[in-house]
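The values are calculated or read from the model by the stated rules, or taken from the named source; none is laboratory data. Please read all numbers here as calculations on a predicted model, not as lab measurements. Neighbour counts run over all protein chains shown; Cβ positions are idealised from the backbone, glycine included.
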Amino acid sequence: MTLLAFVFLLAFLPAESASSRYLPKAAISSHVFGPRQVYGLLKGSVTVKCFYPPTSVNRHDRKYWCKESATGCTTIVSTNGFTAPGYQGRVSITDYPLAKNFQINMTGLTEADEGTYQCGVGINGRGLSHKVSLDVSEGPHVPEGAELFYVKLHSTLTVSCSFGPDYADIRKYLCKMEKSGCRNVVNSYHQFGEDYVGRVLPSFVGTSGSFSIVITQMGWEDSGLYVCGAGTYGESGESKELDVHVYEETKVPQGKPTIFGVKGSSVTFECRYEPLRRSSVKYWCKWRENGCAKIIDNSGFVSPLYEGRVAMYNNPLNNTYTIILNQLKNTDSGYYWCMTEEEKEQQSSTELKIIDGQPGLEGRKEVEAQVGSRVDLTCSYPCKYYSYQKYWCKWNNTGCILMPSSDQRQPGTDVTCDTDNKTVILSFDSVAKTDQGWYWCGVKRNGLFGETMAVHLEVTGGSGASRSLDLLDIAEPPSHADTPSHVEPPSHVEGGFIPKEKSYSDAGVRSAAASESSDPSHGPSKLVLILSPIGAVLLVLVAAFAVFKYRQMKRSDLVSVGSYRTNISMSDFESVKEYSASNNACVQESQETQMGGDEFVATAAPPESAAETKKAKRSSKEDADLAYSAFLLTSSGIAQGGPGGDSAAPDGPPSNWEGQI
Amino acid sequence: VLAGYPRNSEDEEYVLVNNKCQCVTVTSKFVPSKENPGEEILERNIRILVPLKARENISDPLSPLRTTFVYRMTELCKKCDPVEVELGGEIYQAQQSTSCDEPETCYTYNRDKCYTTTFPFRYHGEIKHVQAALTPASCYAD
């Protein structure tokens, strides 16, 4: 099985290493794009739309339309004001720089107009052009050309096709034309092409036979002809052709396609929205085969599975939203999408990969405290965050609220940074039940959010108790008389003495329970699994003993104002949260599934690795070849390589190289 | 289990060199060998566009015409553009070659750069030195 897996891995290795190191030829070919074939009627007119990358030089440069001939391409019309004789008044050219295209309109078509043309930018024949073939026919019907899409590298493409209500129930598909046929991208049975998993989101819902598909992270290989249709390609149904071209404007990529997260630490995602519409709902979701599972949105919704783990921040200045996800686990790997309700073009996706490593921020992740006691939440940071802004904030559904250094609500709470020990401390002088929840310790630099660490603070009722395992510490002096008791008196107590007494008795039991979770660093669920049944048994024994003792006291008719009896009630077991914590741990274990395919994808392995295939061997030799060939070129004289022009590899040198392998 | 062939086994041509300064592109792809059609060998395509009407100094139109063009594979194949490398969860920019600081003599204009020159302009008997754009389309501010 492992052998097969290994072979499977090797099959992908050469393609992976080559594509990650070098750009495909599509990256440097002409980025002027237009229709391949245009159909016109005799005496009719035709409009050709040609796209170009909207760089400054392209927007200001000359645009031309020329007809190919034996001697080159003769200009018919250009934006410099030139119109060839014979075409006066028939042809016009208009540039739309903001729309990234220019359009040529030819009227009064004759048969002589048939032929190959070029629409281009700059100077004729320099290569920044696109070949268009014009067909003039008598008609009356003219075939429809393909729909043109001009998308920026790493951005999002949205296509929508509709075929009428007759096709509402028929299988729909989108496939890409390759040499070997039409390769499936996605179809209405939710089957995805292997290259498109995670970055394609279809929406086949609709009774009118129309559907739309969103593809993010458009790469160079995504340029080409696509076919969307209803039925089966080449066999039945209707279809429509789409011509897609990917261009690059600047060297700076739009957004990182892959983000790496260290297990246990946090990652920050950036979602870009061009003109930010404040009214629209924006949300962030995880890609699944049957849709995108919503995690958080800007109206305060947070998926229960992600409570305390995720927050969304709005940066209206640069039209972005920042999403922070912490407490990373292996199951978090996958594709995450930033979505808007409208504006399908604003949707983008990022792949998250989890790697092993050491989180930067460290501290106790689970803290329990008694109501009214003093609590310190500590967070240690490494030297790399020394110059960063550090903060503590309290997490809630709408975000993480910064804990300011002087909070009137809670006297005595302050955030201190101990420079010697590189720790940030959030202190509560007297913690209240409302302080329970998730707290994040984070770093920030230049307004950009960095790593965060989440801590869960559990506040239990009762007086400040010692954390020892002393279960029989019944005589406990009360320190806070005003702590409310949330434990209802047990049913078997008659004439309830005073609820106060119950709360003090709770303290004794609570201390026992608290001690179990006093060392959360011994996190592994196994330990908790062993301790919890033992703890339960002990508690039952203590309950029985205390009830027995109480009954004895009752019978002896003691009236005491100053004496304190602890009483153990059954409701203790319900409200102890340690069990729920350990239950979560159990559930976590059984839910953890490996995301198929991720483990097999090797991160750009060097071609010098021991790959068996011939191809890998060759490409690793390429570097050696290059050095040798450089030697050969320079030694065999400049004359050979001089006025080359458009020559393919000459026969001389390559055979020399081959002979040396 | 063997899910299939690498998707890019069909003629995927990759760019090795795209030098805009000297106008050279080198691409490579696998082709069936002439001797043994079952075998695939690596074919490298070198495309050099020699600007025959270029000046020795492209920023000075008064310099003489360039008659010598030198193309060195080692220099062309140097990868001086920084690439992104992932180390321990963080992305860094790294340069792949050493000796990248040497100035390159260009034979032709880079489309994205603005080239200007000053020339003596006689106006009303006075000679002024005026700056002129050699590549006007590239010299717009926006």
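When B:ASN8 is tested against (1) modelled with pLDDT of 85 or more; (2) within 22 Å of B:LYS79 (Cβ to Cβ); (3) at the interface with chain A (Cβ under 10 Å from one of its Cβ atoms), only condition (1) is not met.
The C-beta contact set for the range A:528-540 (first residue under 16 Å from A:GLU366 (Cβ atoms), second residue of a type in the set (S, T, N, Q), distance under 6 angstrom, 6+ apart or interchain) comprises A:VAL528/A:SER582; A:SER532/A:SER582.
Conditions (1) on the phi > 0 side of the Ramachandran plot; (2) assigned to a strand (DSSP E or B), marked per residue:
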| position | (1), (2) |
| --- | --- |
| A:VAL197 | no, no |
| A:GLY206 | yes, no |
| A:GLN217 | yes, no |
| A:GLY231 | yes, yes |
| A:GLU241 | no, yes |
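Let's see how each residue does on (1) in contact (Cβ under 8 Å) with a residue 24 or more places away in the chain; (2) buried (at least 19 other Cβ atoms within 10 Å of the Cβ); (3) in contact with a Pro (Cβ under 9 Å, 6 or more places away or on another chain):
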position	(1), (2), (3)
A:CYS119	yes, yes, no
A:GLY127	yes, no, no
A:HIS130	yes, yes, yes
A:LEU134	yes, yes, no
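Scanning the range A:55-99 for residues that are outside any helix (DSSP H, G or I) and within 14 Å of chain B (Cβ to nearest Cβ) gives A:THR55, A:ASP61, A:ARG62, A:LYS63, A:TYR64, A:SER78, A:THR79, A:ASN80, A:ASP95.
If you filter the range B:74-117 down to residues that are over 16 Å from the mean Cα position of the chain (by Cα) and among the aromatic types (Phe, Trp, Tyr), you find that the one that is farthest from B:VAL15 (Cα to Cα) is B:TYR115. Just one of (1) in a loop (DSSP other than H, G, I, E, B); (2) away from chain B (no Cβ under 14 Å) fails for A:TYR150. It is (1). So, of the residues in the range B:119-139 that are assigned to a loop (DSSP other than H, G, I, E, B) and more than 14 Å from chain A (Cβ to nearest Cβ), which turns out to be nearest to A:LYS63 (Cα to Cα)? The selected residue is B:HIS124. Only one entry in A:SER373, A:SER333 is within 14 Å of another protein chain (Cβ to nearest Cβ) and crowded, with 17+ Cβ neighbours inside 10 Å, namely A:SER333.
How many residues does the range A:353-363 hold that are in a loop (DSSP other than H, G, I, E, B) and buried (at least 16 other Cβ atoms within 10 Å of the Cβ)? So the count comes out to 4. Taken together, the residues in the range B:53-94 that are in a loop (DSSP other than H, G, I, E, B), more than 9 Å from chain A (Cβ to nearest Cβ) and surrounded by fewer than 12 Cβ atoms within 10 Å (Cβ to Cβ) amount to 4.
Residues in the range B:17-52 that are part of a strand (DSSP E or B) and away from chain A (no Cβ under 11 Å): B:PRO32 alone.
Among the conditions (1) part of a loop (DSSP other than H, G, I, E, B); (2) modelled with pLDDT under 90; (3) surrounded by 11 or more Cβ atoms within 10 Å (Cβ to Cβ), B:GLU102 misses just one, which is (3).
Looking only at the range A:441-460, how many residues end up being under 21 Å from the mean Cα position of the chain (by Cα) and closer than 17 Å to A:ARG309 by Cβ? Within the range A:441-460, residues that are under 21 Å from the mean Cα position of the chain (by Cα) and closer than 17 Å to A:ARG309 by Cβ number 7. Within the range A:153-165, track down each residue that is outside any loop (DSSP other than H, G, I, E, B) and within 18 Å of A:THR340 (Cα to Cα). Scanning the range A:153-165 gives A:LEU157, A:THR158, A:VAL159, A:SER160. Tallying residues that are in contact (Cβ under 8 Å) with a residue 40 or more places away in the chain and farther than 19 Å from B:VAL17 by Cα within the range B:28-58 yields 2. Here B:ARG111 meets each of (1) more than 10 Å from chain A (Cβ to nearest Cβ); (2) assigned to a loop (DSSP other than H, G, I, E, B); (3) in contact (Cβ under 8 Å) with a residue 12 or more places away in the chain with one exception, condition (1).
Going through (1) in contact with a helix residue (DSSP H, G or I) (Cβ under 9 Å, 6 or more places away or on another chain); (2) more than 14 Å from chain B (Cβ to nearest Cβ) one by one, A:GLU194 falls short only on (2).
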